[in-house]
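Here is the structure we will look at, set down as structure tokens.
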Amino acid sequence: MYTIQNYVMNMMKEKNMSKYMFLSLLGYKNIAKGIRRFDAFMKGDMSMKHIIENIHKGLGIEKCEVDILIKKTKKDIEKHIAEETEKQRAIEREHFKPYLFVKTDRKIPSPIFAYAIMGLERLRRMSLPENFSLMSEMEKSITIRQRINKAVSEFHGTLPTMGLIKYFILHEVYDDCESERKVYDTEGKLVSGEEYSDKSVYIGRASLTVRGQHIEHLFDNLHAARKINVPVKPVIH
């Protein structure tokens with residue numbers, strides 16, 4: 001829990017206040033709806049605007065006290081995000097493998113629906129041998145050219161939903177400097193220039209949701225069932 005949630009919980013205990021009583025003081029007439037939102041708030045959901053703006057009414061305190069708690073909570077969240085981000089980076093760093101990133105003429109896939117269902121973001125990263133960094137420059141050059149030629153030939157110069165392949169970026173070391181990454185054209189030749197200045201390798205991931213619930217697994221199950229000739233019923237009507 002963050003600062004504001006801990007405070008609300010402790011104050012309710014101190015005042016021997018039930019959820020029903022607290023939510024009634026906040027102005028909720030539909031208590032069931034209020035409880036759902038209150039539970040989400042207590043789990044850290046800071047989008048519950050009505051609850052946050054009226055906490056002082058429910059607890060019988062000055063609004064300025066709540067404002068101070070909210071500021072502390074924002075710092076809690078920023079700290080939590082920073083910690084989780086660093087944990088994720090540590091995991092990525094540990095398991096990092098060199099790859100070539102495919103730059104295309106589209107930044108946003110079209111159609112996004114197909115991009116999400118088929119998981120086409122995987123095509124933008126072309127894995128290189130794990131021992132790539134230990135290879136000689138000649139071996140690296142040959143490996144890169146072979147990998148690029150294969151990709152360009154396989155996809156006929158385009159990536160599905162992402163358009164024309166423009167160039168390739170070598171991401172050899174996790175903690176590298178973006179501006180110093182090497183760039184290769186569609187023939188596998190080392191290139192430079194203004195037209196190759198964008199060396200970012202971020203991959204946006206599209207996902208399918210219905211009422212906030214991810215549904216990609218439905219398509220995975222559908223494809224798996226068809227492969228083994230199991231009759232399936234439609235999952236979307």
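Structure above, values below:
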read-out: Some residue of region 97-107 being farther than 30 Å from Ser141 by Cβ and either touching a Gly at 6+ places or on another chain (Cβ under 7 Å) or free of Cβ contacts under 8 Å to residues at least 40 places away in the same chain (or both); value: no
read-out: Test: residue in region 72-95 that is outside any helix (DSSP H, G or I), within 30 Å of Phe132 (Cβ to Cβ) and touching a Ser or Thr at 6+ places or on another chain (Cβ under 7 Å); value: no
read-out: Some residue of region 27-43 being surrounded by 15 or more Cβ atoms within 10 Å (Cβ to Cβ) and among the hydroxyl-bearing types (Ser, Thr, Tyr); value: yes
read-out: Where Glu187 falls short, out of the listed (1) out of contact with any helix residue (DSSP H, G or I) (no Cβ under 7 Å at 6 or more places or on another chain); (2) at pLDDT below 90; (3) farther than 29 Å from Gln88 by Cα; value: (2)
read-out: Members of region 145-202 found to be assigned by TED's automatic domain parsing to the domain that holds Leu134, over 20 Å from Met135 (Cα atoms) and either among the aliphatic types (A, V, I, L, M) or in a strand (DSSP E or B) (or both), listed by number; value: Ala151, Val152, Thr158, Leu159, Met162, Gly163, Leu164, Ile165, Lys166, Tyr167, Val191
read-out: Odd one out for Lys57, checked against (1) outside any loop (DSSP other than H, G, I, E, B); (2) within 35 Å of the chain's Cα centre (by Cα); (3) among the charged types (D, E, K, R); value: (2)
read-out: Qualifying residue in region 123-139 (condition: part of a helix (DSSP H, G or I) and within 26 Å of the chain's Cα centre (by Cα)); value: yes
read-out: Hits in region 151-181 - residues which are surrounded by fewer than 12 Cβ atoms within 10 Å (Cβ to Cβ) and without any contact (Cβ under 8 Å) to a residue 12 or more places away in the chain; value: Ser153, Glu154, His156, Cys177, Glu180
read-out: Inter-residue pairs, beta-carbon under 6 Å, first assigned by TED's automatic domain parsing to the domain that holds Lys75 and in region 25-48, second part of a loop (DSSP other than H, G, I, E, B) and hydrophobic (A, V, I, L, M, F, W, C), 6+ apart; value: Arg37/Met48; Phe41/Met48
read-out: Of the criteria (1) over 20 Å from Arg122 (Cβ atoms); (2) in contact with a Ser or Thr (Cβ under 8 Å, 6 or more places away or on another chain), which one Ile148 fails; value: (1)
read-out: Identity of the residue in region 94-133, basic (Lys, Arg) and either modelled with pLDDT under 90 or under 16 Å from Met162 (Cα atoms) (or both), that ends up surrounded by the most Cβ atoms within 10 Å (Cβ to Cβ); value: Lys103
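The values are calculated or read from the model by the stated rules, or taken from the named source; none is laboratory data. This one's a predicted model, so the numbers in the text were calculated from it and none came from an experiment. Here the Cβ is made from the backbone with ideal geometry for all residues, glycine too, and neighbour counts use every protein chain on show.
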